[in-house]
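Enquirer: One structure is given below, represented as structure tokens, and several questions about it will come after.
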Amino acid sequence: MAVSREIEENAMIRYFKTDNQRIQEEEKIGDGVWVQMLQPTHQECAEIAEVLNVDIEDIQAALDEEESSRIELQDGYTLILVDIPTVEIRHEKQSYTTIPLGIILTQDVIVTVCTDDTPVLQNFVNNRVKEFSTKKRRFVYQILFRTATNYQMNLRVIDKKRTEIEERIGKNTEDIDLIDLHELESTLVYFATSLRANGVVLDRLTRYKRLEQYPEDKELL
């Protein structure tokens, strides 16, 4: 019950729309709006599902950590589910793992669903992405590109930590170093599994005619 209450308190739905390459927050859904759902409650999922005429299970898919990356073409909309990197606390230390990010693409609206206020999307909210528009499907490819960029940033940090640990082990082996090295190895397993699954999604994106791509979109992919 405590976990449920915490999720509900942190739940959030925000509406954004770009105008003249500047993002602004809206009060409700409309054409060209990006619906950002952060830890949504069942009621919030049901409301968005009804308004957009999508299956509530597709909206809630990203709330299940066990959901695998995939792309599904539904009647009137497309569901894209990918794994994104995030930070968690393991053994009282900051570690990396992956969580699902759901993207639902309707004719006029893009919905993102996640359990974490991820940096992948914060860049868009804070207007740090050039040539970004909530009204274009290119937005989806930009999200995927930002996801890849975050993986690269985290992998650089992991590699630096690995090098530091290996240098210490060469001089004087400590149990804590071996534990830290094991944690890094676990993270790389999470990343490798998630990236393989994401790769399948990207491959299918390039082949689906419903998601027509312009030359700049293909370059991003």
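The values are calculated or read from the model by the stated rules, or taken from the named source; none is laboratory data. Note that this is a predicted model, so its numbers are computed, not measured. Heads up, the Cβs are rebuilt from the backbone with ideal geometry, glycines too, and the neighbour counts pull from every protein chain shown. Note: areas computed on protein heavy atoms with side chains; ligands, DNA, RNA excluded. Shrake-Rupley method; radii C 1.70, N 1.55, O 1.52, S 1.80 Å.
Enquirer: Any chance you could run the full-extension gain for V87 through D203? It's 0.36 nm times the residue separation minus the Cα-Cα distance, nm to one decimal.
Expert: Numbers: separation 116, 0.36 × 116 = 41.76 nm, distance 2.69 nm.
39.1 nm is the gain from fully extending V87 to D203.
Enquirer: Largest first, how would M12, M153, M37 line up by accessible area (1.4 Å probe)?
Expert: Values: M12 75, M153 95, M37 5 Å².
Largest accessible area first, the list is M153, M12, M37.
Enquirer: List the lysines whose alpha-carbon lies under 29 Å from that of K135, not counting same-chain residues fewer than 8 positions away?
Expert: Partners within reach: K17, K28, K209, K218.
Enquirer: Can you give the charge dipole size of the chain about its Cα centre, rounded to the nearest 20 debye, using +1 on the beta carbon of Lys and Arg and -1 on the beta carbon of Asp and Glu?
Expert: Values: 27 positive and 42 negative charges, 232 e Å.
The dipole of the chain has a size of about 1120 debye.
Enquirer: Now, a different point. Using a Gaussian network model of the chain whose springs link C-alpha atoms within less than 10 Å, name the residue from N150, N198, N20 with the highest mean-square fluctuation.
Expert: Comparing N150, N198, N20 in the GNM, the peak value goes to N20.
Enquirer: Return P(r) of the stretch 95-150 (all Cα-Cα pairs; 10 Å bins starting at 0; whole %; ordered from short to long distances).
Expert: Whole-percent P(r) values from 0 Å outward: 21, 59, 18, 2.
Enquirer: Another question about this same structure. Considering just Cα atoms, how many Å³ per residue does the convex hull of the chain enclose? Could the numbers behind the result be given before it?
Expert: Values: hull volume 29.6 nm³, N = 221.
Spelled out: Cα convex hull of the chain, divided by residues, is 134 Å³.
Enquirer: Can you tell me how the stretch 30-138 classifies by the Cα gyration tensor, rounded, prolate or oblate, using a/c under 1.5 as the rounded cut? Please report the intermediate quantities before stating the final value.
Expert: Values: a/c = 1.94, a/b = 1.34, b/c = 1.45.
Oblate shape, in that a/c is at least 1.5 and b/c is the bigger or equal ratio.
Enquirer: Tell me, what is a quarter of the convex hull surface for the C-alpha atoms of the stretch 113-176, in nm² with one decimal? List each step's numbers first, then the result.
Expert: Values: hull surface 25.0 nm².
Convex hull of Cα atoms, orientation-averaged projection: 6.3 nm².
Enquirer: Follow-up question, since we're still on this one. Leaving out ligands, DNA and RNA, and with a 1.4 Å probe, what % of the accessible surface on the chain is carbon or sulfur?
Expert: Values: 5970 of 12920 Å².
Accessible surface attributable to carbon and sulfur in the chain totals 46 percent.
Enquirer: Could you tell me the calculated FRET efficiency between T106 and V189, based on Cβ-Cβ distance and R0 = 35 angstrom, to the nearest 0.05? Mind showing how you got there, number by number?
Expert: Values: r = 35 Å, r/R0 = 1.01.
Taking R0 as 35 Å, the efficiency between T106 and V189 is 0.50.
Enquirer: Continuing with the same structure: Remind me, what semi-axes does the stretch 126-221 give for its equivalent ellipsoid, largest first in whole Å, using sqrt of 5 times each Cα gyration tensor eigenvalue?
Expert: Values: eigenvalues 289, 46, 16 Å².
The answer is 38, 15, 9 Å, longest axis first.
Enquirer: Quick one: if you stick a label point 7 Å off each Cα along the C-beta vector at R14 and E27, how many nm between them?
Expert: The modelled label-to-label distance comes out at 1.9 nm.
Enquirer: Quote the accessible area belonging to L195 in square angstrom, nearest 10, computed with a 1.4 Å probe and with ligands, DNA and RNA left uncounted.
Expert: The accessible area of L195 comes to roughly 70 Å².
Enquirer: Write down the accessible area per residue of the chain in Å², having rolled a 1.4 Å probe over the full set of protein chains.
Expert: On the way: 12920 Å² over 221 residues.
The answer is 58 Å² per residue.
Enquirer: Still on this structure: Name the long-range amide H neighbours of I84: under 5 Å, sequence gap of 5 or more, or other chain; modelled H, no Pro or chain starts.
Expert: Those lying under 5 Å, H to H, from I84 are I99, L101.
Enquirer: For the stretch 38-47, in order, what is each residue's ³J(HN,Hα) by Karplus, 6.51 cos²θ - 1.76 cosθ + 1.60 with θ = phi - 60°, in whole Hz (x at glycine and Pro)?
Expert: Each residue of the stretch 38-47 in turn: 10, 6, x, 6, 4, 4, 5, 4, 5, 5 Hz.
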